[in-house]
1. So, of the residues in region 20-73 that are assigned to a helix (DSSP H, G or I) and of a type in the set (Ser, Thr, Tyr), which turns out to be surrounded by the fewest Cβ atoms within 10 Å (Cβ to Cβ)?
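The values are calculated or read from the model by the stated rules, or taken from the named source; none is laboratory data. In this text the structure is predicted, and so the values were computed from the model without any measurement. No Cβ is skipped: glycine too gets one built from the backbone with ideal geometry, and neighbour counts run over all protein chains shown.
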Amino acid sequence: MTTYSKEFKKEAIRLSDEIGNKRAAAQLGIPYYTLADWRNHSKHKPKEDETLSEEELRAKNRELERENAELREANNILKDALVFFAKDRKR
């Protein structure tokens, strides 16, 4: 089983962004599904430079809580409208 360095994997992913998975895999001499697997893992793994500070996390949390409250309010309005129109339709 062949093992590849992190740098090789990063360069392979970058190349596949430019020319596509099949062509990059053929050019590098690696199986197509290996490269596709590396791409999937890289999409789901947070980048090292994307880590947030504690203050940024708090701000993001506040923003998400605010958005959640707005969505709950909109949901309640829609529920009330549904009851109103359901009553009107029964008549």
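1. Going residue by residue through region 20-73, those that are assigned to a helix (DSSP H, G or I) are 21-28, 32-44, 48-50, 54-73.
Right, trim to of a type in the set (Ser, Thr, Tyr) and you get 32-34, 42.
Details: TYR32: 14, TYR33: 10, THR34: 15, SER42: 12.
The qualifying residue surrounded by the fewest Cβ atoms within 10 Å (Cβ to Cβ) is TYR33.
Let's see how each residue does on (1) closer than 30 Å to ARG14 by Cβ; (2) at pLDDT 95 or above; (3) among the charged types (D, E, K, R):
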site: TYR33; (1), (2), (3): yes, no, no
site: ALA36; (1), (2), (3): yes, no, no
site: GLU55; (1), (2), (3): no, no, yes
site: ARG58; (1), (2), (3): no, no, yes
site: ASN75; (1), (2), (3): no, yes, no
site: ALA81; (1), (2), (3): no, no, no
